[in-house]
Amino acid sequence: MSVRRLLRYRNWTLEPDVEPDSEPTKFAMRCAVCRKKSPVSVEFEALSRWVFQHVGRNPSHHSYQEISVRPWRAWMGPSAR
């Protein structure tokens with residue numbers, strides 16, 4: 001008895017998930033000096049308040065990094081030939 005296998009290669013696509021039911025993009029800010037991080041939020045206003053409070057308590061901390069969490073989706077396309 002012989003075993004036969006069929007391998008079918010597929011093309012995959014990766015793209016931002018913009019479907020109505022996708023998760024919202026979320027953001028946080030991180031101080032580049034002490035590495036403290038703000039709470040995660042979907043609103044930039046909350047992040048800017050955190051930065052201004054942090055720099056008010058730490059006047060030498062001028063540099064910040066934005067951290068974003070964006071939903072992505074992968075989907076399978078037609079068979080590769």
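The values are calculated or read from the model by the stated rules, or taken from the named source; none is laboratory data. If you're wondering where the values come from, they're calculated on a predicted model, not measured in any experiment. Heads up, the Cβs are rebuilt from the backbone with ideal geometry, glycines too, and the neighbour counts pull from every protein chain shown. Ligands, DNA and RNA are stripped out before the accessible areas are found, and what is left, the full protein with its side chains, is counted by its heavy atoms. Shrake-Rupley method; radii C 1.70, N 1.55, O 1.52, S 1.80 Å.
Summary of values
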{"quantity": "Order of exposure, largest accessible area first, which applies to His54, His62 with probe 1.4 Å", "calculated": "His62, His54"}
{"quantity": "Cleavage-rule hits (GluC sites (Glu not before Pro)) in segment 4-81: DSSP loop, at most 15 neighbouring Cβ within 10 angstrom", "calculated": "Glu43"}
{"quantity": "Linear extension gain, Phe44 paired with Leu6, 0.36 nm per residue minus alpha-carbon span", "calculated": "8.6 nm"}
{"quantity": "Angle in degrees between helix 44-57 and the longest Cα principal axis of the chain, rounded to the nearest 10", "calculated": "40 degrees"}
{"quantity": "Solvent-accessible area, 1.4 Å probe, carbon plus sulfur percent, for the chain", "calculated": "53 percent"}
{"quantity": "Most to least accessible of Phe27, Phe44 (protein chains only, probe 1.4 Å)", "calculated": "Phe44, Phe27"}
{"quantity": "Heavy-atom accessible area ranking, 1.4 Å probe, most first, across Leu14, Leu47", "calculated": "Leu14, Leu47"}
{"quantity": "Dipole in debye (nearest 20) - the chain, about Cα centre, beta carbon charges: Lys, Arg +1; Asp, Glu -1", "calculated": "620 debye"}
{"quantity": "The chain, accessible area per residue, ligands and nucleic acids excluded (1.4 Å, Å²)", "calculated": "86 Å²"}
{"quantity": "Ala74 paired with Ser60, simple spin-label distance in nm, labels 7 Å along Cα-to-beta-carbon", "calculated": "4.5 nm"}
